[in-house]
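In what follows, a single structure is set out as structure tokens and then discussed.
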Amino acid sequence: MYATHFLDLPPLLSAGGTVHLPGSKSISNRVLLLAALASGTTRVHDLLDSDDTRVMLDALRALGCGLRREGPVLEIDGLGGQVRTAQASLFLGNAGTAMRPLTAALALLGGDFELRGVPRMHERPIGDLVDALVQLGCELEYLGNPGYPPLRIRPVAQAQLHLDAPIRVRGDVSSQFLTALLLALPLAATQRPIVIEVVGELISKPYVEITLNLLARFGIAIEREGWQRFTIPAGSHYQSPGQIHVEADASSASYFIALGALAAPRAGHDGIRIEGVGAASIQGDIRFVDAARQMGAQVDSGPNWLQVRRGAWPLKAIDLDANHIPDAAMTLAVMALYADGPSTLRNIASWRVKETDRIDAMAIELRKLGATVEAGPDFLRIEPLPTGQWRRAAIHTYDDHRVAMCFSLAALNPDGLPVRILDPKCVAKTFPDYFETLFEVVEPVAVPVICVDGPTASGKGTLAAELARQLGYHYLDSGALYRVAGLAARRAHLALEPSQEAAIADLARALPLRFDAGRVWLGDEDISDAIRTEAAGMDASRVSALPAVREALQALQQGFRRLPGLVADGRDMGTVIFPDAPLKVYLTASAAHRAERRHKQLISKGISANIADLRADLEARDARDSSRSVAPLKPAEDARLLDNSDQTAQQSVDQVLHWWRQVQPFSEG
Ligand SMILES: O=C(O)C1=C[C@@H](OP(=O)(O)O)[C@@H](O)[C@H](O)C1
Ligand SMILES: C=C(OP(=O)(O)O)C(=O)O
């Protein structure tokens, strides 16, 4: 997951390959609750691991539920209708699928509970569900604004519940209120049937189908008359199915279906293949496939896979009542930019009460890209965005995973512009590795590289590693490669001189080298410390003067250029290895400053050193590095010079980030 302030997506050229998507949020959280309420142990396969499921798991654990991980399987010991903890304060993040169903279940289970979430959760309505539960005789109290979490639940005896009359619940704000009652009321239906009546038009109906389907898997067969009346038969009790598999998330699939529809085919691939969800899905969002086809996508499917290829191009505009696919329809709003006319998404009022006001958020951010958008109380109308009119935008994501994921598709724009996604970690709600998964199947126009070259002890490593951290980019410490080559050559008893050039180059080419969490590995050995000695530095300088060794290491270094970008530090990054890098920095400091820094570094490691000697060594090394015939140490012609003699590390980082903003500007407004 990218936990950076922003993630810059370079313009994308094409896409192709296979993605395995994480489990469905809607299925995962329903299964967790049902397994917790049931008698017996349930083994859940392929459960989604994300913020929304984590808050549900934490809540179940707090209620006394036994949870065990066995590799990819989670084992849940059901509570059999009895909570083991009669008092708890539960934090449910921004998970509607945890807050709403747990409210109903806990109101019926009996106990003293507080349910809270993130600030936005306290703006998401729950009044219709609370009204239904109060009608039933449950005791709930608002701790903040009436109609919204946080909530306090107090115990009531089952005998006090009014189960004779139908329980009426509004269905036009969120289907999760009905889902919550359906999931929880079997707790009270042991003696008599319970009837639920929906007031008003039920929205997001396919989510109620998921609920009914999973209840059936846990032994509860709900009878329904249309979408208005649901009966939970007398004698209902949750029975664990033993094992249950969670399908991949169909809403998450929408971004990859769209990718297949939008992107030019990638050489050597036949469109995008999505594994884990397909035509046999119980998730309503699989119907996104119909909408994508209507826009021109070619989609083939099997029971649990989809294969998507670009069909009509540009896409065909769409006018759709998207009430049945409220989550996936956000993806259509970005696809509409690539259509042959204006597209309209209707009957989407519920977007206004989800992770953010999604109608406003989509309109604002689409306009930042240059689009003309009309936002109404329950619709969005989006004009296509012609070539030449796209703008570089920093997309505000409103802590809404879907805003972040759908706007990544703007990186396919025909104007070849990058897109900045602010706060990319918001995808953690349902798809923590979304961007990593995307990067596996897209081909960028070019992967951006920032080169930081300069003499020894100029602070390149510190600067480059920090830049990489802040940008979410990969990091290449090319100096380490030479150090490793030097170390390997020494260990192979090769003299570090031209007579052994070919042998050292062969060795370098086959180095089993790995950079992992700030450590350097050679095979199974952590050699991070061994390559950091002064002697290893001298050896690195020696082997790096051998042209055949440099050539052997070139391809290895260029292989580090992967999405979303690279910060490479060394001596010839800008001149030889990445000559097309959009930003090259040549970092220097006076020999006196560098000797002083090196001295401090050594002293802090308990190694005694003499500043004058260190300075003499540095100067000798500078002279050797800048006078060697191959790739001598010198600034690239287009490098920006940065003398950090009188700068703090932070000031250097800020300076380079300022240059990077000049090279790659984004409009925030
Ligand atoms: O029951 C569910 O799993 C969901 C129902 C839908 O909400 P609404 O019924 O509020 O539209 C959907 O947007 C949400 O992501 C998940
Ligand atoms: C609306 C969503 O979430 P929640 O389950 O919190 O309602 C969503 O995932 O798009």
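Every number in this text was worked out from the coordinates using simple rules, so none of it is lab data. Everything numeric here is computed off the predicted structure, so don't read it as measured data. All Cβ positions, even for glycine, are placed from backbone atoms using ideal geometry, and neighbour counts span all protein chains on display.
Values as computed for the structure displayed
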quantity: Region 588-646, relative contact order in percent, only Cα pairs under 8 angstrom and at least six apart counted; calculated: 45 percent
quantity: Gyration tensor verdict on region 38-157 (Cα atoms; rounded if a/c is under 1.5, prolate if a/b is larger than b/c, oblate otherwise); calculated: oblate
quantity: SER608/GLN662 FRET efficiency (R0 41 Å; Cβ-Cβ; nearest 0.05); calculated: 0.40
quantity: Pairwise label distance in nanometres, GLU525 with ARG352, each label 7 Å out on the Cα-Cβ vector; calculated: 6.7 nm
quantity: Long-range HN-HN contacts of THR372 with modeled amide H, under 5 Å; calculated: GLU383
quantity: Backbone HN-Hα couplings from phi across region 221-236 [Karplus 6.51/-1.76/1.60, Hz, Gly and Pro as x]; calculated: 9, 7, 9, 9, 10, x, 10, 9, 9, 10, 10, 9, x, 4, x, 5
quantity: SER499, SER350 arranged by Cβ crowding within 10 Å, fewest neighbours leading; calculated: SER499, SER350
quantity: Label point 7 Å beyond Cα of GLN243 along Cβ direction - residues of region 48-92 with amide nitrogen under 16 Å; calculated: 70-76
quantity: Lys, Arg +1 and Asp, Glu -1 on Cβ, resulting dipole of the chain about Cα centre, debye, nearest 20; calculated: 360 debye
quantity: Net charge of Cβ neighbours under 12 Å - reference SER667; Lys, Arg +1; Asp, Glu -1; calculated: +4
quantity: Fewest-first sequence of VAL543, VAL353 by Cβ atoms within 10 Å of each Cβ; calculated: VAL353, VAL543
quantity: Relative contact order of the chain, defined on C-alpha pairs under 8 angstrom at six or more residues apart (%); calculated: 14 percent
quantity: Mean Cβ count within 10 Å, highest first, over the residues of peptides 87-98, 239-250; calculated: 87-98, 239-250
quantity: Inter-probe distance in nm under a simple model that places probes 7 Å from Cα toward Cβ, at ASP415 and GLU534; calculated: 5.6 nm
quantity: Pairwise centroid distance, computed over Cα atoms, of region 204-241 with region 471-489, Å; calculated: 59 Å
quantity: Alpha-carbon centroid distance for the pair region 253-300 / region 154-184, whole angstrom; calculated: 37 Å
quantity: Whole-number percent relative contact order across region 479-542, with pairs defined as alpha carbons under 8 Å at least 6 apart; calculated: 42 percent
quantity: For HIS658, HIS20, order by how many other beta-carbon atoms lie within 10 Å, fewest first; calculated: HIS658, HIS20
quantity: Inter-label distance for ALA592 and HIS5, nm, one decimal - labels placed 7 Å from Cα along Cα-to-Cβ; calculated: 3.4 nm
quantity: Modelled label reach - GLU551, point 7 Å along Cα→Cβ, region 474-500 residues with backbone N closer than 17 Å; calculated: 498-500
quantity: Residue-span extension gain [ARG120 to VAL630] - 0.36 nm each, minus C-alpha spacing; calculated: 177.7 nm
quantity: Per-residue [θ]222 nm for the chain (sum of -39500 (n - 2.57) over DSSP H runs n ≥ 4, rounded to 500); calculated: -10500 deg cm²/dmol
quantity: Test item: Cα-centred dipole of region 479-542, Lys/Arg +1 and Asp/Glu -1 on Cβ, debye; calculated: 80 debye
quantity: Helix axis angle, 478-491 relative to the chain longest principal axis, alpha carbon, degrees; calculated: 70 degrees
quantity: Added length on full extension, which subtracts the Cα-Cα distance from 0.36 nm per residue, ALA221 to SER645; calculated: 145.2 nm
quantity: Full-stretch length increase - ASP516, LYS205 - with 0.36 nm per residue and alpha-carbon distance subtracted; calculated: 107.3 nm
quantity: Backbone HN-Hα couplings from phi across region 328-335 [Karplus 6.51/-1.76/1.60, Hz, Gly and Pro as x]; calculated: 5, 5, 4, 5, 5, 4, 7, 4
quantity: Rounded tilt (10° steps) of 96-109 against the dominant C-alpha axis of the chain; calculated: 40 degrees
quantity: Three-way shape label, region 567-669, alpha-carbon gyration tensor, a/c 1.5; calculated: oblate
quantity: Anisotropy class of the chain from Cα gyration tensor, a/c 1.5 cut; calculated: prolate
quantity: Region 70-118 versus region 593-650: alpha-carbon centroid distance in Å; calculated: 59 Å
